[in-house]
Every structure is written in C-alpha cells, then in structure tokens.
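Below is one structure, written out as structure tokens, with a few remarks after it.
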Amino acid sequence: MTETAETVLVTGAAGFLGREVMRRLRQEGHLVIGLDLREDTDNSIRVCDVSRADQLAAVLGDTDIGAIVHCGAVSGPMLYRDQPAFVAGTNIAGT
C-alpha cells in the first residue's frame with residue numbers, strides 16, 4: 001500500500017459481494033465509500049442510485065475517487081419479475 005490511502009467507491013455495497021469487497025478494502029487500509037439503493041448505517045453505506053448523475057453528485061460532491069469497484073446490479077430477474085424495465089435500467093444504466 002502507498003503512503004496515501006486511495007479512496008475507493010464500491011457500488012452495490014449492501015449486497016453479498018459489495019459487503020465483502022468493502023471489508024477487504026478497509027482491511028488493506030483504503031478509504032471506502034459504499035453506495036447502494038438501500039441504506040446500511042452499520043457499514044457506512046450511503047443511499048444512491050448510480051444511474052442518476054444528480055444523486056451521485058449530491059452524495060460524492062468533490063470527493064477524489066481513485067478507483068471504482070462496481071458490484072451494483074439486480075442479481076436475478078426473479079427478484080423483480082414484474083418490473084423488467086427496472087432490472088434493465090439498474091443493470092445497464094447503473095453500469
């Protein structure tokens with residue numbers, strides 16, 4: 001690790017993979033900002049829809065992000081069977 005910790009943005013931070021990525025990055029000494037559609041105050045996860053530039057700007061402001069780990073997605077269409085546009089929007093526009 002370098003002398004200055006890099007700030008890493010993790011999307012989908014409240015999910016199965018995102019939580020583990022955040023934990024490991026913190027273990028390595030990185031500053032981590034977690035974003036998700038749902039809040040998790042225990043893990044300092046901020047609510048933000050990454051497909052919305054206005055929300056990203058409001059949450060991140062002038063924060064200098066050194067890297068992004070994108071874990072945000074709807075993992076299976078069965079979770080939102082009746083909302084295919086939501087699944088496509090989250091998985092495509094979010095990326």
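The values are calculated or read from the model by the stated rules, or taken from the named source; none is laboratory data. If you're wondering where the values come from, they're calculated on a predicted model, not measured in any experiment. With ideal geometry, Cβ positions are generated from the backbone for all residues, glycine too; neighbour counts draw on all protein chains shown. Heads up: the accessible areas ignore ligands, DNA and RNA and are worked out on the full protein's heavy atoms, side chains in. Shrake-Rupley method; radii C 1.70, N 1.55, O 1.52, S 1.80 Å.
Just so you know, in segment 1-11 the residues that are in contact (Cβ under 8 Å) with a residue 12 or more places away in the chain and more than 26 Å from Val74 (Cβ to Cβ) include one that is most open to solvent (accessible area, probe 1.4 Å), and it is Met1. Count of segment 29-87 residues, restricted to those that are closer than 19 Å to Ala5 by Cβ and open to solvent by 80 Å² or more (accessible area, probe 1.4 Å), is 5.
To keep it simple, each residue is scored yes or no on (1) part of a helix (DSSP H, G or I); (2) within 11 Å of the chain's Cα centre (by Cα); (3) touching a residue at least 40 places away in the same chain (Cβ under 8 Å).
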residue	(1), (2), (3)
Ala13	no, yes, yes
Leu17	yes, yes, yes
Met22	yes, yes, no
Arg26	yes, no, no
Leu56	yes, yes, no
Val74	no, no, no
